[in-house]
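The values are calculated or read from the model by the stated rules, or taken from the named source; none is laboratory data. Note that the structure is a prediction, hence the values are computed from the model and not measured. When we count neighbours, we look across all protein chains shown, and the Cβ atoms used for this are built from the backbone with ideal geometry, even at glycine. To get the accessible areas, we keep the full protein, side chains included, count just its heavy atoms, and leave off ligands, DNA and RNA. Shrake-Rupley method; radii C 1.70, N 1.55, O 1.52, S 1.80 Å.
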Amino acid sequence: MEHNPKLTSSEVAALWGAYMQNSMAHCIVQHFAQVNEDPDIIGIINTALSNCKFVLDEVKQIFVKENHALPIGFNQEDVNLEADRLYSDLFTLRYVKYMAAAGTVASSAFLEVLARMDVRVLFAKTSEMFMKLHNDACNLLLEKGAFVRSPTIPPMEKAEYLQNDSFLSGLLGKHRPLTAVELAHISKNTETNSIGRTFLAGFAQTAQSSEVRGYMERGSEIAAKHETIFREILIEDGVPLPSTWDSAISQSIVAPFSDKLMMFHTTSLVAISVTGYGTGIGASLRKDLGGHYTRLVTEILHYANDGVKLMIENRWLEQPPQNVDREALIKRTV
């Protein structure tokens, strides 16, 4: 029996990803803390900072113990704490809620493939911390009357089985009403695009590189288009539209974040969108919805690929841990 097992590839992937995401988030939330003017929100911002710091310290401790190189990640060089406000305090609160939910999901998703006790304990704790942060942010949004709810539907009168396969595509070209599950995923993906549209619009306004500004503007336009498509689906179904998410952006052109950080965060938002669209495909039985999701996910994957190329060109893309290249070892010249 091995009492001191080495880290598995799954554990290295989870720890490396957690360090990258939390070092990025720590920079972003530092800026939010610096410009915040709402005393109701500062407690949640400080908790978000504390959560990120906890993850960074714990991952560093494990990697140092295992003689594993610590990721470069992001640091004070990637955030300008002298920069003016770019986003509103209410957007900050919604952003923290959104990213805390994403952190909860990411931490929970890895638990199934983690073997070592210390790594499992870390990710269980991380999931618990970010879930509490998410709930606290939700409660404050509700108190402020700013929580954007999913559409409501009438109570179901009785449970019954389907009688035919018209449920999948409708009759005579007319789509059947959306199910509650389909509505939930449309609402979630609408929120993702709204958050992304706002964030990338701010990035486009403040990025130093003209190439990055153009890339961010393109991304904001894609997010706006996808958001419109999801809202049109609701309109066609006669579903009351939820109010739009806050998108207030200041006129500042001073970048709070480095171009490197903004590009990395954009790839993170795209990854969340791809996951959301994939889940939406699996949960949607109406054929037209599957078509929408497939088309949209293809578009954002092309966008993400262009972003990766741009990051590599600028040496902003950190190489993730990988297996040994045996062929390179065999063909070495020395």
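Quick one: in the stretch 210-227, of everything that is open to solvent by 30 Å² or more (accessible area, probe 1.4 Å) and touching a helix residue (DSSP H, G or I) at 6+ places or on another chain (Cβ under 9 Å), which residue is farthest from GLY280 (Cα to Cα)? Steps first, answer last, please.
Kept after step one, since they are open to solvent by 30 Å² or more (accessible area, probe 1.4 Å), are these residues of the stretch 210-227: 210-211, 213-214, 217-218, 221, 224-225.
From what's left, touching a helix residue (DSSP H, G or I) at 6+ places or on another chain (Cβ under 9 Å): 211, 213-214, 217-218, 221, 224-225.
On the way: GLU211: 32, ARG213: 30, GLY214: 29, GLU217: 26, ARG218: 24, GLU221: 22, ALA224: 18, LYS225: 18 Å.
Applying the filter and picking the extreme gives GLU211.
Any idea which of (1) out of contact with any helix residue (DSSP H, G or I) (no Cβ under 7 Å at 6 or more places or on another chain); (2) in contact (Cβ under 8 Å) with a residue 40 or more places away in the chain; (3) open to solvent by 30 Å² or more (accessible area, probe 1.4 Å); (4) of a type outside the set (A, V, I, L, M, F, W, C) is the one SER50 doesn't satisfy?
All conditions pass for SER50, except number (2).
Can you tell me which residues in the stretch 68-103 are of a type in the set (Val, Ile, Thr) and open to solvent by 20 Å² or more (accessible area, probe 1.4 Å)? Walk me through it before giving the result.
If we filter the stretch 68-103 for residues that are of a type in the set (Val, Ile, Thr), which is where we start, we get 72, 79, 92, 96.
ILE72, the sole residue that qualifies.
For the stretch 1-21, give me the residue count where each residue is in contact with a helix residue (DSSP H, G or I) (Cβ under 6 Å, 6 or more places away or on another chain) and either touching a residue at least 60 places away in the same chain (Cβ under 8 Å) or surrounded by fewer than 18 Cβ atoms within 10 Å (Cβ to Cβ) (or both). Let's see the steps before the verdict.
Taking the stretch 1-21 as the starting set, the residues that turn out to be in contact with a helix residue (DSSP H, G or I) (Cβ under 6 Å, 6 or more places away or on another chain) are 10-11, 14-15, 18-19.
Right, trim to either touching a residue at least 60 places away in the same chain (Cβ under 8 Å) or surrounded by fewer than 18 Cβ atoms within 10 Å (Cβ to Cβ) (or both) and you get 10-11, 14-15, 18.
The qualifying residues number 5.
Please pick out the residue among PHE203, PHE230 that is over 26 Å from ILE153 (Cα atoms) and surrounded by 21 or more Cβ atoms within 10 Å (Cβ to Cβ).
Values: PHE230 fails: over 26 Å from ILE153 (Cα atoms).
One residue alone meets the criteria, PHE203.
Can you spot a residue in the stretch 250-263 that is without any contact (Cβ under 8 Å) to a residue 40 or more places away in the chain and in contact with a helix residue (DSSP H, G or I) (Cβ under 6 Å, 6 or more places away or on another chain)?
no
List pairs: first residue in the stretch 124-148 and in contact (Cβ under 8 Å) with a residue 24 or more places away in the chain and under 20 Å from ASN189 (Cα atoms), second residue of a type in the set (Gly, Ala, Ser) and in a helix (DSSP H, G or I) anywhere in the structure, Cβ distance under 8 angstrom, at least six positions apart or on different chains.
Listed pairs, sorted by first residue: MET131/ALA100; HIS134/ALA100; HIS134/ALA101; ALA137/ALA100.
Considering (1) over 23 Å from LEU122 (Cβ atoms); (2) in contact (Cβ under 8 Å) with a residue 60 or more places away in the chain, say which one ILE44 fails and leave the rest.
(1)
How many residues, within the stretch 54-68, are in contact (Cβ under 8 Å) with a residue 12 or more places away in the chain and more than 19 Å from the chain's Cα centre (by Cα)? Reasoning before the result, please.
Of the stretch 54-68, the ones in contact (Cβ under 8 Å) with a residue 12 or more places away in the chain are 54-56, 58-60, 62-63, 66, 68.
When the remaining residues are screened for being more than 19 Å from the chain's Cα centre (by Cα), the result is 54, 58-60, 62-63, 66, 68.
Within the stretch 54-68, residues that are in contact (Cβ under 8 Å) with a residue 12 or more places away in the chain and more than 19 Å from the chain's Cα centre (by Cα) number 8.
Could you list, in sequence order, all residues of the stretch 115-174 that are more than 25 Å from PRO240 (Cβ to Cβ), of a type in the set (D, E, K, R) and either at pLDDT 90 or above or surrounded by 14 or more Cβ atoms within 10 Å (Cβ to Cβ) (or both)?
ARG116, ASP118, ARG120, LYS125, GLU128, LYS132, ASP136
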